[in-house]
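K.L.:
Quick one: structure below, then a few questions.
No lab work stands behind these numbers, since they all come straight from the coordinates. None of the values given here were measured: they were computed from a predicted structure. Note that we place each Cβ from the backbone using ideal geometry, even for glycine, and neighbour counts take in every protein chain shown.
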Amino acid sequence: MIDTIEVESVEDLAEGLIKYRISSGLSQRALAKRLEVKEQQIQRYEATRYESASYQRLCDVSRALGMNWRHAEMLGDARQRHPAAMIVAGVRDQARRDSGQWVFVDIGFSRDQSSCGIAIGDSRPRNVRFSDLAPCIARELESDTAPLNLLIEAPLSVAFNAGGNPTGRSIERKNGKTRYWYMQGSAVMLLATMHLVRDLYEIRPTREVRLFEGFASFKRKEKHHSHAGDVSNLRRVVWGERDRGKIVDAEGLKMRDEDILVSSFLVLGMDLGIPPVVVADGS
């Protein structure tokens with residue numbers, strides 16, 4: 001049975017989560033296991049009164065504790081005042097054409113080249129410079145009130161094994177080959193993505209931004225590939241052409257049951273959750 005508590009603010013909710021866990025006799029380790037995060041993450045949450053947690057994560061924690069809260073203006077208060085509250089991980093069921101406005105991005109990080117691909121809705125994909133991405137997305141954020149689904153071809157989550165060491169995810173293994181998404185050159189794309197998401201956070205969007213990860217790394221060497229082409233291939237999968245790829249939810253990303261998945265943005269103090277991954281087959 002879920003108990004309900006009264007709260008007046010986000011700060012009260014954070015304090016309530018901590019007190020409720022303690023009064024329930026639940027350890028930080030046990031709560032971490034329920035949420036499939038590291039115990040150290042729960043320790044950081046509680047030490048900072050959940051300052052780095054998204055509104056979605058606050059909901060996850062309360063459900064894991066079997067706790068509910070009641071406050072008429074709680075949602076508006078949380079979304080106004082809580083860091084990154086409007087930027088959240090999408091879910092697999094939302095990875096469809098009609099779930100909101102779509103922006104597809106193939107991330108790049110270059111001084112001189114148009115190293116990023118972008119497609120807005122059904123528009124023709126084009127290559128742009130990294131500095132153009134945030135303004136393009138900001139204009140879309142101002143153009144509508146529906147949720148904006150943002151797919152970024154870059155690693156948006158990281159996996160650790162039971163020993164706390166980095167490991168691969170299921171999408172990174174194919175036909176006996178492994179392509180660790182957040183190692184070597186891909187680390188640069190992860191850095192670029194962190195800057196992009198931080199720029200969007202600074203905009204303080206007033207509509208929900210749902211994150212989706214794109215993965216188009218297993219490509220045929222004999223074919224020419226481009227950033228715009230990768231964006232197009234990923235969009236086709238979302239648009240329903242499942243013969244061109246697949247969509248993998250967060251649980252399906254684990255190689256082993258004991259692996260732990262975390263948001264790539266935790267190092268920025270933003271827990272944005274684990275987005276599903278749209279995989280293009282490389283054709």
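K.L.:
Cβ neighbours within 10 Å, averaged per peptide: list 237-243, 109-115 in order, most packed at the top. Write out the running numbers ahead of the final one.
P.N.:
Values: 237-243: 14.3, 109-115: 12.7.
With the highest mean Cβ count within 10 Å placed first, the list reads 237-243, 109-115.
K.L.:
Next up: Please rank Tyr180, Tyr45, fewest neighbouring Cβ atoms within 10 Å first, as an exposure proxy.
P.N.:
Numbers: Tyr180 17, Tyr45 25.
Ranked by crowding around the Cβ, least crowded first: Tyr180, Tyr45.
K.L.:
Per residue, how big is the convex hull of the chain when only Cα atoms are used? Give it in Å³.
P.N.:
Taking the convex hull of the Cα positions in the chain, it is 140 Å³ per residue.
K.L.:
Write down Rg/Rh for the range 128-283, rounded to two decimals, with Rg from the C-alpha atoms and Rh from the Kirkwood relation over Cα pairs. Can you show the working numbers first?
P.N.:
Details: Rg = 15.7 Å, Rh = 16.5 Å.
Reported Rg/Rh (Cα atoms, Kirkwood Rh): 0.95.
K.L.:
So, one more: Where in the range 137-168 does the amide nitrogen come within less than 17 Å of the point 7 Å from the Cα of Val91, taken along Cα to Cβ?
P.N.:
147-150
K.L.:
Continuing with the same structure: Under a GNM of the chain (C-alpha, springs under 10 Å), which listed residue has the highest mean-square fluctuation: Gly163, Gly90, Gly176?
P.N.:
Greatest mean-square fluctuation among the candidates belongs to Gly176.
K.L.:
How large is the helix-only mean residue ellipticity at 222 nm for the chain, computed as the sum of -39500 (n - 2.57) over DSSP H runs with n ≥ 4, divided by its residue count, in deg cm²/dmol to the nearest 500?
P.N.:
Details: 8 runs with 92 residues, N = 283.
My calculation for the chain gives -10000 deg cm²/dmol from helical runs alone.
K.L.:
Compute the semi-axes of the equivalent ellipsoid of the range 104-204, taking the square root of 5 times each eigenvalue of the Cα gyration tensor, and list them largest first in whole Å. Walk me through the intermediate numbers first.
P.N.:
Numbers: eigenvalues 151, 49, 40 Å².
Largest first, the range 104-204 gives 27, 16, 14 Å.
K.L.:
Among Met183, Ser263, Leu196, flag the residue with its Cα farthest along the positive direction of the charge dipole of the chain, charges on Cβ as +1 for Lys/Arg and -1 for Asp/Glu.
P.N.:
Met183
K.L.:
Using Cβ contacts closer than 10 Å as the measure, can you line up Met189, Met255 from fewest to most? Mind dumping the intermediate values first?
P.N.:
Numbers: Met189 21, Met255 15.
Listed from fewest to most nearby Cβ atoms, that is Met255, Met189.
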